[in-house]
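Have a look at the structure below before the remarks.
The values are calculated or read from the model by the stated rules, or taken from the named source; none is laboratory data. Quick caveat: nothing in here was measured; it's all calculated off a predicted structure. FYI the Cβ positions are ideal-geometry reconstructions off the backbone, even for glycines, and counts take in every protein chain you see. Ligands, DNA and RNA are stripped out before the accessible areas are found, and what is left, the full protein with its side chains, is counted by its heavy atoms. Shrake-Rupley method; radii C 1.70, N 1.55, O 1.52, S 1.80 Å.
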Amino acid sequence: MPAVIAHAFRAAVDEAARHVGATAPNPPVGCALLDDAGTILAVGGHHRAGTPHAEIQAINQCRERGLLDRARTAVVTLEPCNHTGRTGPCSQALLATPVRDVWIGVRDPNPHVEGGGADHLRQHGCGVHVLRPIGPQAEIQSMCRSLLAPFAHFMRTGQPWITVKQALDATGSMLPPAGRTTFTSAASLDLAHRLRRATDAVITAGGTIRADRPGLNVRRVADHPGRAPRVLAICTRTGEVDAAYLQAARARGFAVQVCTDIAALPDMLGMAGVTWAMVEAGPRLLAEIEARGLWHDWLAITARTDGMDQYSIRIREGDVTPLRLFPELAAVKE
């Protein structure tokens, strides 16, 4: 894989990552268009369902800049679609340009359409290269898989990818000091809100609501404008949640769902179109989620005695996590 292609993939992943949390039930996708010399002409990302896909965004940028006639190579994090939904097929849109070389990060995980876009492009004269998970392409392919992980899991199972975020003090306790609601740094609080922005749902417990009355909405960073309401899933065996809290949560933009059977939580969220959910709750719910294996990756933020925070990530299966999309977590090991 030429260095210019690797560079273009990184640019495409970065652009797609900016919109993670706004595209569900569609996947986040990035596309870069290059000229003969490997210079990036445009980088597009899918913004949200019903808007132009990443390939169309990049093509439109090139056209507006008067550069479309120079486009020769397309680098796409996900196989271009070959079907008509709310937008037209991206494979045909690419064929209507001078692009004749297409690099694909990940095949479409939808079993009904996998290979359709790549095959259509090949049949109409394009050179198509799909990244391999081994050898020199493995690192870039892992980036693309991390970007797509929640959507790919959703397509396979109809259930969301579930991330647990757990804040701890230096002794391993989840209880903040008296008079405080947290003990992590400002940088970690910003990260927490960026994680909320990237997900489609927040999962919490009735006990957490009674104890802390958490907002759980995106505040320290700007949220995605015009995105669909984020789901707030409240786990409580009794089904009882304070009416004033529910009203306030809906006023903050949440679509509230109450779950009395945690085993049914993944299906409940999947039916709501949630592809990525984050758990923010106390030790009792976290213990139950871990015991039942209802998680896919687990981020622990530990406040050290020197005032710095330490991050660690566990992945339940495999080696891919969308947490790698966040720069401060990209190199974190288990």
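Here region 312-333 is the region considered, the condition is being closer than 18 Å to Leu195 by Cβ and open to solvent by 50 Å² or more (accessible area, probe 1.4 Å), and the residue that is nearest to the chain's Cα centre (by Cα) is Arg324. Scanning region 46-67 for residues that are part of a helix (DSSP H, G or I) and buried (at least 18 other Cβ atoms within 10 Å of the Cβ) returns Ala54, Glu55, Ile56, Gln57, Ala58, Ile59, Cys62. Here Leu285 clears all of (1) surrounded by 13 or more Cβ atoms within 10 Å (Cβ to Cβ); (2) free of Cβ contacts under 8 Å to residues at least 40 places away in the same chain; (3) in a helix (DSSP H, G or I) except the condition numbered (2).
Residues that are in contact with a Ser or Thr (Cβ under 8 Å, 6 or more places away or on another chain) and either assigned to a helix (DSSP H, G or I) or under 26 Å from Met308 (Cα atoms) (or both) do occur in region 175-187. Determine whether Ala187 is touching a Leu at 6+ places or on another chain (Cβ under 6 Å) and not assigned by the TED database to the domain that holds Val20. Against the criterion (touching a Leu at 6+ places or on another chain (Cβ under 6 Å) and not assigned by the TED database to the domain that holds Val20), Ala187 does not qualify. Pairs are defined by a Cβ separation below 8 Å, a sequence spacing of at least 6 or placement on different chains, a first member in region 245-267 that is assigned by the TED database to the domain that holds Val164 and closer than 18 Å to Thr208 by Cβ, and a second member that is open to solvent by 40 Å² or more (accessible area, probe 1.4 Å) and outside any helix (DSSP H, G or I); the pairs so defined are Tyr245/Arg213; Phe254/Pro229; Gln257/Ala272; Thr260/Arg237; Thr260/Thr238.
For region 199-244, name all the residues that are among the hydroxyl-bearing types (Ser, Thr, Tyr) and open to solvent by 60 Å² or more (accessible area, probe 1.4 Å).
Thr238
Of all residues in region 68-86, those satisfying the criterion of being out of contact with any helix residue (DSSP H, G or I) (no Cβ under 6 Å at 6 or more places or on another chain), open to solvent by 40 Å² or more (accessible area, probe 1.4 Å) and not in a helix (DSSP H, G or I) are Arg72, His83, Thr84, Gly85, Arg86.
Each residue in region 97-106 was checked for being in contact with a helix residue (DSSP H, G or I) (Cβ under 9 Å, 6 or more places away or on another chain), under 20 Å from Cys144 (Cα atoms) and either small (Gly, Ala, Ser) or surrounded by fewer than 18 Cβ atoms within 10 Å (Cβ to Cβ) (or both), and 1 of them qualify. Among the residues here, Asp36 qualifies as open to solvent by 30 Å² or more (accessible area, probe 1.4 Å) and of a type in the set (Asp, Glu).
Residues checked against (1) at positive phi; (2) modelled with pLDDT of 95 or more; (3) of a type outside the set (S, T, N, Q):
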| position | (1), (2), (3) |
| --- | --- |
| Arg180 | no, no, yes |
| Arg194 | no, yes, yes |
| Pro214 | no, no, yes |
| Glu240 | no, no, yes |
| Gln247 | no, yes, no |
| Asp261 | no, yes, yes |
| Met278 | no, yes, yes |
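Of everything in region 160-175 that is touching a residue at least 24 places away in the same chain (Cβ under 8 Å) and among the polar types (S, T, N, Q), the residue that is nearest to Val231 (Cα to Cα) is Thr163.
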